[in-house]
Amino acid sequence: MTKIQMTTPLVEMDGDEMTRILWKLIKENLLEPYIDLKTEYYDLGLENRDKTDDQVTIDSANATIKYGVAVKCATITPNQARVEEYNLKKMYKSPNGTIRSILDGTVFRAPIMVKGIEPCVRNWEKPITLARHAYGDVYKNVEIKVPGAGKAELVFTAADGSEVRETIHEFDGAGILQGVHNTDKSIESFAKSCFEYALDSKMDLWFATKDTVSKTYDGHFREIFDSIYEKEYKAKFEETGIEYFYTLIDDAVARVMKSKGGFIWACKNYDGDVMSDMVSSAFGSLAMMTSVLVSPAGIYEYEAAHGTVQKHYYKYLKGEATSTNPVATIFAWTGALRKRGELDGISELCAFADKLEKATLTTIESGRMTGDLVLITSLENAQKLGTEEFILAIRDELDTMVG
């Protein structure tokens, strides 16, 4: 069979642990037999990030700006235990946070719905798309362990030397401090990305923060959203027949649980991280979630929304059987390949991405699936397949579809 030819490479960001194993299996079995795969490869595995002092992460983000489309494997954000386990030079920040801040984009995440995997929330009939701000907050924070009594202050020194100073807390003993920030430019990009995505998908847009408590920080997010909506998008939303509204994050959670789905829920960075995991779990599995970072400049980075599946990796290293769900990682590849095909005018590449997704879902709907899905499926006589066995079952379906 003649392989599909690519003209522009994808930026390929390899990752860590069990998802790195999945990455290799997916390429060897589901991509390379069918596509003359062109990628610019960056190894974002933790060892190589440490070896390059994390420069490889920055380089991969800049390459994404150059080529326009990237696909990323799940990576480790190290805590102290990981620093010791991998003998790292330091506790590196989230590679996703670094990439997102460079690309200045918004992360859109939606559950992958498939027959036999019904949402835990019975009234959810349509996917709920999470729009997560992709810059700042705790992902770009500065932290201090307070050793003892003293005064903590928040100080801003302007370019002209003038200062704004606020007391945070007067400590009478040990404690902790955290400083976070954001920028108007990034918040404006977040807002515009959300409004544009809502118009393109013709879905209502909800935005939620906690401005009753964080009156300045969260309140500024709301002010920027409201201003841009009124000036640039209100008429377009009304013409399209969709709605934008703001609500508190706790009220949004209550509304979401009672909704039928089919809308976009925009959240600040950390809120979006947590709520996307909640939504994906409630729809079925963390491994059944698409995730794409979209920048205002029209740059796309596709990834799996879940972690590196550490427990399965340790089993794999011991030679024990694993049944790890690769669906989100497969859909990261199909999303990137489809977008590359759209941008380069390669219809065969777009069609292949569609077929691979259909082959993946058809395999599950036939009752062949990984262990996490067997536990929650409504299909009778579901068969639990091992990690590689499931990928090979998808390949059988794909071979039938591509002839």
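Across the chain, where is the longest run that never hits trypsin sites (Lys or Arg not before Pro) in a DSSP loop with at most 14 other C-beta atoms within 10 Å? All intermediate terms of the calculation are to be shown ahead of the outcome.
Working: sites that count: Lys3, Lys38, Lys89, Lys90, Lys115, Arg122, Lys202, Lys215, Lys260, Lys318.
Maximal segment without exposed cleavage sites: 319-403.
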Q.
Debye calculation, C-alpha points only, no solvent: report log10 I(q)/I(0) for region 282-403 at q = 0.13, 0.14, 0.16 Å⁻¹, in the same order as the q values.
A. -0.58, -0.67, -0.85
Q) Which GluC sites (Glu not before Pro) does region 112-156 hold that lie in a coil by DSSP with at most 12 other beta carbons within 10 Å? A) Glu125
**Q.** Using distinct alpha-carbon pairs, which all enter the 1/r mean, Kirkwood radius of region 11-106 in Å
**A.** 14.0
Q) Which aspartates and glutamates have a Cα less than 17 Å from the Cα of Lys145, not counting those fewer than 8 places away in the same chain? A) Glu153, Glu170, Asp172
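What per residue convex hull volume, in Å³, comes out for region 53-205 when only alpha-carbon positions are used? Don't jump to the answer; show the numbers that get you there.
Numbers: hull volume 36.6 nm³, N = 153.
Measuring per residue, one finds 239 Å³ for the Cα hull of region 53-205.
Beyond 19 Å, what percent of the Cα pairs of region 121-179 remain?
Details: 1003 of 1711 pairs.
Percent of Cα pairs beyond 19 Å in region 121-179: 59.
Counting other Cβ atoms within 10 Å, which GluC sites (Glu not before Pro) in region 226-267 have at most 15 and lie in a DSSP loop?
The qualifying sites are Glu243.
Using square roots of five times the C-alpha gyration tensor eigenvalues, list the equivalent-ellipsoid semi-axes of region 307-373 in whole Å, biggest first. Don't jump to the answer; show the numbers that get you there.
Numbers: eigenvalues 169, 47, 11 Å².
Equivalent-ellipsoid dimensions as semi-axes: 29, 15, 8 Å.
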(Q) From the convex hull of the Cα coordinates of region 249-332, what is the mean projected area in square nanometres? (A) 7.2
Q | Crossing angle, helix 249-258 versus the chain [Cα axis fit, 0-90 degrees, rounded to tens] | A | 30
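Of Lys3/Lys315; Lys27/Lys315; Lys185/Lys268; Lys236/Lys355, which ones are farther than 25 Å apart at the Cα? Kindly include the intermediate steps, with their values, before the conclusion.
On the way: Lys3/Lys315 35 Å; Lys27/Lys315 22 Å; Lys185/Lys268 14 Å; Lys236/Lys355 34 Å.
Table pairs above 25 Å Cα-Cα are Lys3/Lys315; Lys236/Lys355.
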Q) Expressed as cubic angstrom per residue, what is the convex hull volume of the alpha carbon set of the chain? A) 173
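Restricting to DSSP loop positions (anything but H, G, I, E, B) with no more than 13 other Cβ atoms inside 10 Å of their own Cβ, which GluC sites (Glu not before Pro) remain in region 291-349?
Hits after loop and neighbour filter: Glu320.
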**Q.** Normalised convex hull volume, region 208-282, alpha-carbon set, Å³ per residue
**A.** 96
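Where a number appears in this text, it was derived from the coordinates with a stated rule and is not lab data. From a predicted model like this one, the values you see are computed outputs, not experimental measurements. Methodologically, a virtual Cβ is constructed for each residue, glycine included, from the backbone with ideal geometry; neighbour enumeration extends over all protein chains shown.
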